[in-house]
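First the structure, in the form of structure tokens, and then the observations on it.
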Amino acid sequence: MKAIMLTIAFLIGFSYAYEDFVQYEKGYYYVVIKKGSFKVINAKLQEEIINHGWDVIHTINVDKTVKSKTPYKTHLLCKAKYLKKGVEYFKPIGVIIPCKMAIFVDGNNVVIMVEDVMELGKIYAPEDKKFEKFLRQVKSEMIDILNKTAARFMSSKYTPYE
């Protein structure tokens, strides 16, 4: 009976699951989108950034800077209320802001990546638990932006149930 109850609880837990498109490598999170044009995907990415309450304060046109015909942009992001908290927790936060999100074409795919802000916390304030918690919240939102952007262009193996 106990095994049956655990199995049911386990299956119910999956009813709220969704495909996580985000991958991790060497200090950054990324998604690879296989369908859609760079222009459309970049527009949807910027919508998701705004939907999450972030501002794109500047876009670096990496492609134009290096005279490449392959699209490559880096969006510099800021969320005013987070910046205010960040300054309270870690005065030198100015050396690690703003958050950066890159989008570029790689072959037939569009890749979107964001730095792992938790790694920055390990470098600049390794013992500060408040700052670590704050960075975890920022990281979570960055990953959610990646996931929701990717979900607009890719099918999930799982159907979310609510």
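The values are calculated or read from the model by the stated rules, or taken from the named source; none is laboratory data. Just so we're clear, the structure is a prediction, and the values are computed from it rather than from any experiment. Glycine gets a Cβ as well: all are built from the backbone with ideal geometry, and neighbour counts include every protein chain shown. The area values use the complete protein model at the heavy-atom level, side chains included, leaving out ligands, DNA and RNA. Shrake-Rupley method; radii C 1.70, N 1.55, O 1.52, S 1.80 Å.
A few points about this structure:
- The apolar share of the surface of the range 69-162, taken as the fraction of accessible area on carbon and sulfur atoms (1.4 Å probe, ligands and nucleic acids excluded), comes to 55 percent.
- Rounded if a/c under 1.5, otherwise prolate or oblate - the range 76-115, Cα gyration tensor axes: prolate
- Take the range 78-117 with all the other protein chains still there, run a 1.4 Å probe, and you get 49 Å² of accessible area per residue.
- For the range 86-147, the fraction of alpha-carbon pairs in successive 5 Å shells from zero, as %: 4, 17, 26, 21, 13, 9, 5, 3, 1
- A simple charge model with +1 on the Cβ of Lys and Arg, -1 on the Cβ of Asp and Glu and nothing else charged puts the dipole of the range 85-162 at about 140 debye relative to its Cα centre.
- Accessible-area ranking of E141, E88, largest first, probe 1.4 Å: E88, E141
- Label point 7 Å beyond Cα of C78 along Cβ direction - residues of the range 41-58 with amide nitrogen under 16 Å: 50, 53-58
- Summarising the overall dimensions of the range 50-90 from its C-alpha atoms, the Rg and Dmax are 14.2, 42 angstrom.
- Karplus-derived 3J(HN,Hα) values for the range 132-149, using 6.51 cos²θ - 1.76 cosθ + 1.60 with θ = phi - 60°, are 4, 4, 4, 5, 4, 5, 4, 4, 4, 5, 4, 5, 5, 4, 4, 4, 5, 5 Hz; glycine and proline are entered as x.
- Rounded to the nearest 10 Å², the accessible area of Y72 at probe 1.4 Å: 80 Å²
- Spatially proximal lysines relative to K81 (Cα-Cα < 20 Å; intrachain offsets below 8 disregarded): K91, K100, K129, K130, K133, K139
- Equivalent ellipsoid, the range 44-133 (semi-axes from 5 times Cα gyration tensor eigenvalues, Å): 28, 14, 12
- Net length gained if the chain between I50 and K67 were fully extended (0.36 nm per residue, minus Cα distance): 3.2 nm
- Percent RCO, i.e. relative contact order, over the range 86-162, from Cα pairs under 8 Å lying at least 6 residues apart: 23 percent
- Taking 0.36 nm per residue of sequence separation and removing the Cα-Cα distance, the Y24/K133 pair yields an extension gain of 37.3 nm.
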